[in-house]
1. Evaluate the relative contact order of the stretch 11-340 (contact order divided by residue number), counting alpha-carbon pairs under 8 angstrom at least 6 apart; express in whole percent.
2. Quick one: what are the phi-derived ³J(HN,Hα) couplings along the stretch 16-23, Karplus 6.51/-1.76/1.60 with θ = phi - 60°, whole Hz, x for glycine and proline?
3. Net charge around ASP337, counting only other residues with Cβ within less than 13 Å of its Cβ (Lys, Arg = +1; Asp, Glu = -1)?
4. Quick one: if the Förster radius is 25 Å, what FRET efficiency do SER14 and LYS121 give, using the C-beta to C-beta distance and rounding to 0.05?
5. Quick check: the distance between the Cα centres of the stretch 379-434 and the stretch 190-258, to the nearest angstrom?
6. Any number yet on Rg/Rh for the chain, C-alpha, Kirkwood?
7. Size of the stretch 207-312 along its principal axes in angstrom, Cα-based, largest extent first?
8. Would you grab the residues whose amide H sits under 5 Å from the one on TYR100? Only those 5+ places off in sequence or on another chain, please, with H modelled 1.01 Å from N.
Amino acid sequence: AAAAATGRPTSPSSIELSGRTYKTDEWFNVPSNVANATSRKLHLQKDHPIAITRQIIESKFPEATYKTYNTFDPVVSTFENFDSLGFPEDHPGRAKSDTYYINKETLLRTHTSAHELEIFKANASDGYLISADVYRRDEVDRTHYPVFHQMEGARVWDRTKVPNGDIAAAVWADLDKLPKHDIQVEDPNPPFHPERNPLQSEHHSPAEAEAIAAHLKRSLELVVVEIFSRAKAAAVKADPNFVDEPLKVRWVEAYFPFTSPSWELEVYYNGDWLECLGCGVSKQNILINAGVGSQAGWAFGLGLDRIAMLLFQIPDIRLFWSQDERFLSQFAGVSGDLGRLKRFVPFSKYPACYKDVSFWLRTSSAAGGNTRGANVHDFHENDVMEVVRSVAGDVVEDVRLVDEFTHPRTGRRSMCYRINYRSLERTLTNDETNGLHDEITKALVERLGVEIR
Ligand code: FA5
Ligand code: MG
């Protein structure tokens, strides 16, 4: 049975995705499980927790100002995904190990920011929200999946349209109109920092950047407050004696090629800080390239899956892909009436089965033998993750590196990964896990050239 699910990239000379045919080349690295996910559109599926989360967040941004775009195609150009946003030529996000390519110039978008330039160009509103499926080669665990969903938001003010051309004053006036909240927000950061988080001083006065950042932060704090008050209401519904910890939120400095200054928002959850979104003052070059250089403003990008996990208390990101009625029925009717939102009740947890695989890495001849004992390994962990996901699909809960060592004499490197097989829907048989593990082992040898120990 497992043979049908090998999901091995077959490198066809063309591939059809959402009704369009694309030519592939030696950059092609999209496995069939990922290609198939492009048709799912969970953010648009009525009564799906990802769609419900999108609706709740959209409700915090007035339609009159924020135009929504929820049906952009996931196939974009390297220009849209990277160049238009000022990603340097050698940015790691461009690597084949991190990104799904269809061909050298075409890929599955890695973030919703890929659509910023075209929307700024269209100049159809003062703000926008984009929700979409995004794709990344990444680790395998309960908060990471190769397909997830983001919402991008942006807001601009036009120098030629605000009173006296004073953007800072216009932004503060708009900020005054936003609701206030009383949650505890840690924000020890200066408004900008010359090295860590610079002001775009050729384009923005300090007063402008400060006002834009303040409007940005309040807008996003209001989203978090909304999510957590709905999560709390759902918890109280399930248990009238429910007592929550006070919500703790903090801003940390960040870097994105397309904003400056930049921040990430983290929420304290289950004993740890969880990163929910990135944001900042939009790089003026993007607005200039879009033909709207007289505008200035902010942008953010948030992870809908992560927020949906907090909102519904969903323990594993794979559940979003489940077609099991025991999952889907729990959200029935909520898209049409957000007041019906309930906490997710996990169905029984099936047993875990841990299996290890140890192997020697292939040594690359590109090392040229110039330095003794310093073997070069053309190995990327994401390749292991991909092999596991494409062979075993969603029955793997996580994959962890448990041991790594370099042979003192030969310089060869050995890795040991522990794979946790656990279906969300049923108990796996021994035969089935053994079969999958054998198949993964074979695929690692064939595709990565490793040698099993
Ligand atoms: C970005 O993708 C930027 N485009 C965000 C942005 C937009 C910044 C506009 C500034 C202006 P980042 O890679 O950090 O940033 O991802 C944003 C969010 O997506 C994260 O905070 C997280 O909530 C979510 N996310 C990232 N990787 C994954 C993953 N593998 N699985 C689930 N959620 C993820
Ligand atoms: Mg991040």
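1. Details: 559 pairs, mean separation 67.7, N = 330.
Reported as a whole number, the value is 21 percent.
2. 9, 9, 5, x, 10, 9, 10, 6
3. On the way: positive: LYS46, ARG230, ARG340, LYS342; negative: ASP47.
Overall, the nearby charge balance is +3.
4. Values: r = 30 Å, r/R0 = 1.18.
Rounded to the nearest 0.05, the efficiency is 0.25.
5. 36 Å
6. Details: Rg = 23.6 Å, Rh = 24.0 Å.
For the chain, the value is 0.99.
7. 54, 26, 22
8. Residues meeting the criterion, in which the H sits 1.01 Å from N, are LEU108, ARG137.
Here, each number is a calculation from the coordinates, and none is a lab measurement. In this text the structure is predicted, and so the values were computed from the model without any measurement. Neighbour counts are summed over all protein chains in view; Cβ atoms, including those assigned to glycine, are modelled from backbone coordinates with ideal geometry.
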